[in-house]
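To start, the structure itself, in structure tokens.
All of the numbers you see were taken from the coordinates with simple rules; none came from a lab. For clarity, every value in this text was computed on a predicted model and none was experimentally measured. Note: ideal-geometry Cβ built from the backbone for every residue, glycine included; neighbour counts use all protein chains shown.
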Amino acid sequence: MTPAVVIIGAGPAGLAAGAALRRRGIDPVILEQGDGVATSWRRRHEELRLNTIRWLSDLPGLRIPRAAGRWVRRDDYVAYLERFARQARLQVSCGVRARRIDAVVGGWEVTTDAGPHRAPHVIVATGHDRVPRVPDWPGRAGFRRPIRHVATLRRAAELAGARVLLVGAGNSGVEIAGHLVDAGVGRLWMSVRSPPTILPRQLHGVPLHPLTVALRPLPERVRDRLARAVADHAFGDLSAYGLPAPRQGPFERMRTRGVTVAVDQGFVGHLTAGRLSVVTVVDHLDGSDVVLRDGTRLRPDIVLAATGYDPGLTELVGHLGVLDPDGRPRRVAGSRPPTAGLWFAGYRPAIEGTLRRHPIEARRIARAIARRS
Ligand SMILES: Cc1cc2nc3c(=O)[nH]c(=O)nc-3n(C[C@H](O)[C@H](O)[C@H](O)COP(=O)(O)OP(=O)(O)OC[C@H]3O[C@@H](n4cnc5c(N)ncnc54)[C@H](O)[C@@H]3O)c2cc1C
């Protein structure tokens, strides 16, 4: 029997969409390329914790247990998503990778490794952070040291004792830098192009994430000013350590560049104690050396890129005209012809927490699908 809806991806966005549809009496099929739900989270490094607070990171109808603490560990979050999928009785077909979506009469056809699936509605929820992005530095082909993206790291201890050049000071870079020092990295340089706003996870015991949610109605420039004031109060001026105050506030940066705020989990303490050093931008790679823009040569054992992710949607839907020049789904997709019935969930990151947005989007999409079914 043809399902009314095919969802691609069993991460929190796809699961939230599935549960929202079931609440409206629609039974979707979820296609997941991995062995289980939450495949992206299983692959992330084991030290990872949510940087959004537990009670604003769950999906409707099932709380993350209190025992998981304020900042939920990766494994506890994976276990939570497994429980959520079971409780919502979601039908997840694992080991099925969607390759391409095409319009057919009456809806859409999803070509997968395991044959085609047809449905009037398809929800793409393959993750905003699907494809790790590594810069194509000049000299990369002949570089004699490994270059890895932070997404390939399973635990920080893999790099214990190594001399690491970490590139990028976004949230991933700041987070992993702290773990690398804790794990006993031999030497750590951090190459920074745009200094981030670094916020503490909590201030005097008060978690900041709920505040970002509460302050959402305020104008962006006011929120940016408040964020700067908090960063100043928590860490003071870090220019002497190579991190001057950023020109753009975190909310403006998120809106214009899609880059989220960096949350401190020990990074600033390590920086000010001299356990890592900030260096300038990589200019090119030369044999075993990394040459920086100021001419400095570094010889790390490994270059670790924390240089962001792409949604990687081109193969799946690039031919349908639904992507913007950055490869992200356009806002209008789904609701009107010629792409009516093709929906995207999870591609609008937010400082208040992308996880928090998944249920909101899921409800909106489920409502629209129920209206059209
Ligand atoms: C390191 C890191 C930490 C983060 N921490 C937080 C946080 O603390 N709080 C927060 O709010 N947000 C966080 N985010 C952002 C975001 O909320 C999470 O990444 C979240 O998991 C995104 O959910 P998703 O369902 O959209 O994508 P994913 O969780 O990536 O799920 C997508 C699923 O689709 C599957 N898939 C992909 N392509 C295909 C295909 N072609 N066919 C079939 N299946 C496919 C994948 O295997 C995966 O299971 C973090 C992001 C990263 C990278």
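Structure notes:
- For q = 0.20, 0.25 Å⁻¹, Debye-computed log10 I/I(0) when each Cα of the range 153-234 counts as one equal scatterer: -0.94, -1.15
- Between V185 and G161, the built amide H atoms are under 5 Å apart, and every one of these is 5 or more places off in sequence or on another chain.
- Relative contact order (%) - criterion: Cα under 8 Å, at least six apart; region: the range 218-288: 30
- Here's the picture: charge each Lys and Arg Cβ at +1 and each Asp and Glu Cβ at -1 in the range 134-308, and of V261, L292, A157 the one pushed furthest to the positive end of that dipole is V261.
- Helix axis angle, 354-372 relative to the chain longest principal axis, alpha carbon, degrees: 20
- Label-to-label distance, W55 versus R22, with points set 7 angstrom from Cα along the beta-carbon direction: 2.6 nm.
- Per-q log10 I(q)/I(0), the range 239-335, q = 0.13, 0.25 Å⁻¹ (Debye; single scatterer per alpha-carbon; no solvent): -0.75, -1.33
- A Förster radius of 51 Å combined with the Cβ-Cβ distance from D113 to A229 puts the calculated FRET efficiency at roughly 0.50.
- Rounded tilt (10° steps) of 171-182 against the dominant C-alpha axis of the chain: 50
- Inter-part distance where the range 163-237 and the range 67-116 are each reduced to a Cα centre, Å: 31
- Extension gain (nm, one decimal) between L218 and A245, 0.36 nm per residue minus Cα-Cα: 7.5 nm
- Here the calculated FRET efficiency for R43 and R86, from their Cβ-Cβ distance with R0 = 30 Å, stands at 0.90, rounded to the nearest 0.05.
- Under Karplus coefficients 6.51, -1.76 and 1.60, residue-wise ³J(HN,Hα) of the range 287-296 in Hz, glycine/proline x: x, 9, 9, 10, 9, 8, 4, 8, x, 4
- As an equivalent ellipsoid, the range 93-241 spans semi-axes of 37, 28, 15 angstrom, where each value is the square root of five times an eigenvalue of the C-alpha gyration tensor, largest first.
- Protection proxy ranking for 72-82, 303-313, using the average of other Cβ atoms within 10 Å per residue and placing the highest first: 303-313, 72-82.
- Per-selection metrics, the chain (Cα): Rg and Dmax in Å: 21.5, 65
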